[in-house]
1. Treating the angle as unsigned and between 0 and 90°, give the value, to the nearest 10°, between the Cα long axis of helix 74-85 and the longest Cα principal axis of the chain.
2. Determine which aspartates and glutamates satisfy two conditions relative to LYS60: a Cα distance under 20 Å, and not lying fewer than 8 residues away in the same chain.
3. Can you give the FRET efficiency for ALA113 and ALA36, using 1/(1 + (r/R0)^6), R0 = 41 Å, r = Cβ-Cβ distance, to the nearest 0.05?
4. Have a look at LEU27, LEU15, LEU54 and tell me which one the Gaussian network model of the chain (Cα, springs below 10 Å) gives the largest fluctuation.
5. Loop-only GluC sites (Glu not before Pro) in the range 15-100, please: DSSP not H, G, I, E or B, and at most 11 other Cβ atoms within 10 Å.
6. Compare ARG31, ARG51, ARG80 in a GNM of the chain, Cα atoms joined below 10 Å, and give the one with the largest fluctuation.
7. Take the chain, connect every pair of alpha-carbon atoms lying under 10 Å apart with a spring to form a Gaussian network, then pick out the residue of VAL101, VAL69, VAL41 with the largest mean-square fluctuation.
8. Can you give the local net charge around GLU52? Use residues other than it whose beta-carbon is closer than 11 angstrom to its beta-carbon, Lys and Arg +1, Asp and Glu -1.
Amino acid sequence: MVAQNGKDLLIKLDLTGAGQFETIAGLRATRVSFNAESVDVTSLESQGGWRELLSGAGVKSASISGSGVFKDTDTDERARQIFFDGITPAFQVIIPDFGIVEGAFQVTSLEYAGSHNGEATYEMSLSSAGALDFTPL
């Protein structure tokens, strides 16, 4: 596998609720993180005193974050509305040479910033709100 362009890691938002995904405008940096909590079942009988984990247990989650230039497009408006409505629509994360992760996410943070001699920027964070589907590329 060769090195990948960071710009190819895309966050897409379902604009209509009907599977019409569009890349969130203005993003310059994106990040996706997958997590799985472990369930420790270590006891006095654990072999050699080693920790034991319960296979298949625990809570799985994913987090997405991104930052970029505020462009006030349809995707910006939709992300704002999702935040204020507290809904959990479908998002897609395109990970180059890996796959597509799709599922419900909640916008947990939406920040805007700007300086008098620079562009308006934004940052957003999302947390998974259900099971995620993975499609390899």
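Each value in this text was obtained by applying a stated rule to the coordinates, not by laboratory testing. Everything numeric in this text was worked out from a predicted model, so none of it was measured. Every residue, glycine among them, receives a Cβ derived from its backbone with ideal geometry; neighbour counts consider all protein chains shown.
1. Approximately 60 degrees, to the nearest 10.
2. Output for LYS60: GLU37, ASP40, GLU52, GLU102, ASP133.
3. Details: r = 33 Å, r/R0 = 0.80.
Once rounded, the FRET efficiency stands at 0.80.
4. LEU54
5. Details: sites: GLU22, GLU37, GLU45, GLU52, GLU77; in loops: GLU37, GLU45, GLU52.
Within the range 15-100, the qualifying GluC sites (Glu not before Pro) (loop, at most 11 other Cβ atoms within 10 Å) are GLU37, GLU45.
6. ARG51
7. Of the options given, VAL41 has the highest mean-square fluctuation.
8. Numbers: positive: ARG51; negative: ASP40, GLU45.
Summing Lys/Arg as +1 and Asp/Glu as -1 gives -1.
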